[in-house]
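Asks: This is the structure, below, for whatever I ask next.
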Amino acid sequence: MKHGLPLHDIRNEIHVSDKVVVEHTSQTAGISEAIFNHLFPKEPTPARLYHYTDLDSLEGIASSSELRLYPINKRLDEGGELSAFAKAHNLSGYLNDDDGEALYKDMSKDLFYISLTRQIAKDPRLMWGYFASGTGVRLELTIDPKWADLRPMNYESGNDKTLLATINKALVAQGYPQLTPWGISRLGAFYLSSTVSLEDEVRLLVKRFEGGPDLTHYDGRFDYWPIPIGTPNNYCTIDVTAIHVAPNGKNEEVRKRIANTNLASVPVTGP
């Protein structure tokens, strides 16, 4: 086994057409899953991670006792969401909009996520200033995913080729079409432009499948997928263990925002 990929005889597990190489079914897609795990290793769990947010969002989180995962199409033009992965892997079919909306834009509506960071941020001023609006908070969370994906982001580099790109280069050199892994939209959801690498993001992601469970609600602009805080569920167990106030924030204002909610007993630290 090399790169975590199974090296047994796979001829009966793949289908080669004129345009693409794929595994027969998603249920037996061992190669696809191995590529996914090699490119984007799962975050060790249970994980202690941070979520930076402003005071209004904190109040909403506290009053609803849930974290809301929003679709990638909400920020599709930021950091090359899905498109950076498609460009890096020559997936021109996902970018083509000659016949209407490009496929990557359509896929982005079914990928729901929330941005998290590790305990030591690469750029604390960016996190406090941009994501917490200067006076917000940093939620300290314990995350234990089940059906949800929790993985660190991979940021593009002009010098590095991913394992999938290396495989496809070898296939093309032998006269074959490229391999398209099952769940390729999930792969793309963990790959961003180097321009946002300072965020050092760890992403919690839920994919909505056609005909599968759909727990989404609509907030007037976007669908969102709620994950309850402190309540066991099939997707991800989330607990808030501390609330850290921004250096320019006010402790008493934060306490006011979470009063009479399930977060009222969570320790609040900072000015």
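The values are calculated or read from the model by the stated rules, or taken from the named source; none is laboratory data. On a predicted model such as this, the values are computed, not experimentally measured, just so you know. Positions of Cβ are generated from backbone atoms using ideal geometry, with glycine treated the same way; all protein chains shown enter the neighbour counts. Areas reflect the complete protein model, heavy atoms only, side chains present, ligands, DNA and RNA absent. Shrake-Rupley method; radii C 1.70, N 1.55, O 1.52, S 1.80 Å.
Asks: I'd like to check something: does segment 61-74 contain any residue that is open to solvent by less than 40 Å² (accessible area, probe 1.4 Å) and assigned to a loop (DSSP other than H, G, I, E, B)?
Replies: The answer is yes, given that some residue of segment 61-74 is open to solvent by less than 40 Å² (accessible area, probe 1.4 Å) and assigned to a loop (DSSP other than H, G, I, E, B).
Asks: Would you mind telling me which numbered condition in (1) open to solvent by less than 60 Å² (accessible area, probe 1.4 Å); (2) in contact (Cβ under 8 Å) with a residue 40 or more places away in the chain Gly212 fails?
Replies: (2)
Asks: Yes or no: Lys161 open to solvent by 40 Å² or more (accessible area, probe 1.4 Å), part of a loop (DSSP other than H, G, I, E, B) and among the basic types (Lys, Arg)?
Replies: Yes, satisfied.
Asks: Still on this structure, I have one more. Would you mind telling me which numbered condition in (1) under 26 Å from Pro232 (Cα atoms); (2) buried (at least 21 other Cβ atoms within 10 Å of the Cβ) Asp56 fails?
Replies: Going through the list (1) under 26 Å from Pro232 (Cα atoms); (2) buried (at least 21 other Cβ atoms within 10 Å of the Cβ), Asp56 breaks only (2).
Asks: Six or more apart or on different chains, Cβ under 8 Å: which pairs go from a residue in segment 26-53 that's at pLDDT below 90 to one that's buried (at least 20 other Cβ atoms within 10 Å of the Cβ) and small (Gly, Ala, Ser)? Could you list them?
Replies: Partner pairs satisfying both residue conditions: Ser26/Ser32.
Asks: Turning to a different aspect of this structure: Find the residue count for segment 236-252, including only residues that are touching a residue at least 24 places away in the same chain (Cβ under 8 Å) and out of contact with any helix residue (DSSP H, G or I) (no Cβ under 7 Å at 6 or more places or on another chain).
Replies: Total meeting the criteria: 11.
Asks: Tell me which residues, restricted to segment 88-146, are of a type in the set (A, V, I, L, M, F, W, C), modelled with pLDDT under 95, open to solvent by less than 60 Å² (accessible area, probe 1.4 Å) and not in a helix (DSSP H, G or I).
Replies: Leu91, Ala102, Ala121
Asks: Asp144 - would you say it is in contact (Cβ under 8 Å) with a residue 24 or more places away in the chain, touching a strand residue (DSSP E or B) at 6+ places or on another chain (Cβ under 9 Å) and not β-branched (Val, Ile, Thr)?
Replies: yes
Asks: Hey, does segment 35-52 have a residue that's part of a helix (DSSP H, G or I) and within 30 Å of Gly129 (Cβ to Cβ)?
Replies: Taking segment 35-52 and keeping what is part of a helix (DSSP H, G or I), we get 35-39.
Retained after the next criterion (residues that are within 30 Å of Gly129 (Cβ to Cβ)): none.
No: segment 35-52 contains no residue that is part of a helix (DSSP H, G or I) and within 30 Å of Gly129 (Cβ to Cβ).
Asks: A follow-up question, please. Could you say whether any residue in segment 194-209 is in contact with a Gly (Cβ under 7 Å, 6 or more places away or on another chain) and either free of Cβ contacts under 8 Å to residues at least 12 places away in the same chain or closer than 25 Å to Tyr70 by Cβ (or both)?
Replies: yes
Asks: Now a separate question. Only one residue in Thr166, Thr180, Thr195 is modelled with pLDDT under 90 and either within 14 Å of the chain's Cα centre (by Cα) or surrounded by 15 or more Cβ atoms within 10 Å (Cβ to Cβ) (or both). Which one?
Replies: Thr180
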